[in-house]
């Protein structure tokens, strides 16, 4: 086992935070849109205006040459702390000193202009970060190659999948000479191969930059790649130290899943649960875009059937066509070729928080999303307390969504969707952002939905989740179905091919070999 360096003893201080505190006023509406929307619903009258501390007495040091991880449950204050370090937020008390220019990546693609091409966005983001155009010119080819988005570099970003935005966002942040790089849930949206590639790049970065700070729910990833971990809990530092020790203590605090009578998270995969009734039938479905370089087929000759009682898992690399297929199934997109028959009402959760209005509070967004989905106000009022309780975000429900972390949006988005009881439920990367405890709750709720719905379709990069939950797996590649069979077979074939590719594409990092093998 490799002996980890002790940054406290061996490296100079890059970040010094002492008694940091950040507060907000719950129930306070800070723009005209929030005030107007609050006036049209009665629930807003019950909001309480009080001071809530997102961070309380946060103290820590960050040292040159280290990868510092920040873990904790959703709403623990991880994203707020990242924004303090990067200067996006100002602390209400205490002080922080950062020796170096900070480059922060908060949710891949947030700073991208959807109408501009990927290449144009690289220059736009670089210049916004204060990078000279000559330096961007030097790195643009490396950024393009690393992102693996091919010809899409010269296409408008409105045609990108979330995974393609993820690849390009990381590539920009990692190549433009950051001194202090902050990655907030940086590797949540992305396939396993790109996550490994990004991890190698970060280890290379800390030999040149001053330090890297990673906010993540990926505990195995954090243990393998971080030198130290900060564990945040309810806005306070619970503990700082060795990743393996911190993670063991953190796991011990996750409440065990209560026993459920006649229910098991590992769903039955027997044929007896699947009826002959066809719920979805796709016949040669194709979706094309007219791009700058010509016609591009996001989906091509897609054929499959879904029978009542099936739980379908859809897997594949970023840009394989998974999200496009979900949008076709929910009528967000219409196929350009072929036919699609859907027998039942569909509800889709396409990326947590994508339908939220950032200026409105969580309360307002519950009502707004329900209205957009055609849910009667009385039904929302009846389930309102259940939605808030399940989300677990507490008093932050009265806070503008623009101040939410990715995990808080995940909780609220899932909680709203969980009360819809649709015929066909489509979940696109449902558990990509969320702590362990919430993933357990969400998994159980998904099982409840499966018992009520005719069919469930789940898009995920989590192979273990697909194996446990799904009765069938569809592996997509370049807009086409590569394999369609049992979930276990689909995952095995996908892993086999990508394991071989990994050996070819990734060179071992000798400096971290022992460190990676121990986790």
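What FRET efficiency would be calculated for the residue pair residue 236, residue 88, taking the C-beta separation as r and a Förster radius of 22 Å, to the nearest 0.05?
Plugging the Cβ-Cβ distance into 1/(1 + (r/R0)^6) gives 0.60.
At 0.36 nm per residue, and after removing the present C-alpha to C-alpha distance, how many nm does the segment from residue 291 to residue 357 gain when stretched out fully?
Length gained, residue 291 through residue 357: 20.8 nm.
Need one number: nm distance between label points at residue 333 and residue 303, each 7 Å from Cα along Cα→Cβ, rounded to one decimal.
In this crude spin-label approximation the distance works out to 2.1 nm.
FYI, it's all coordinate maths here, none of it is from the lab. Note that the structure is predicted; figures quoted are calculated from it, not measured. FYI the Cβ positions are ideal-geometry reconstructions off the backbone, even for glycines, and counts take in every protein chain you see.
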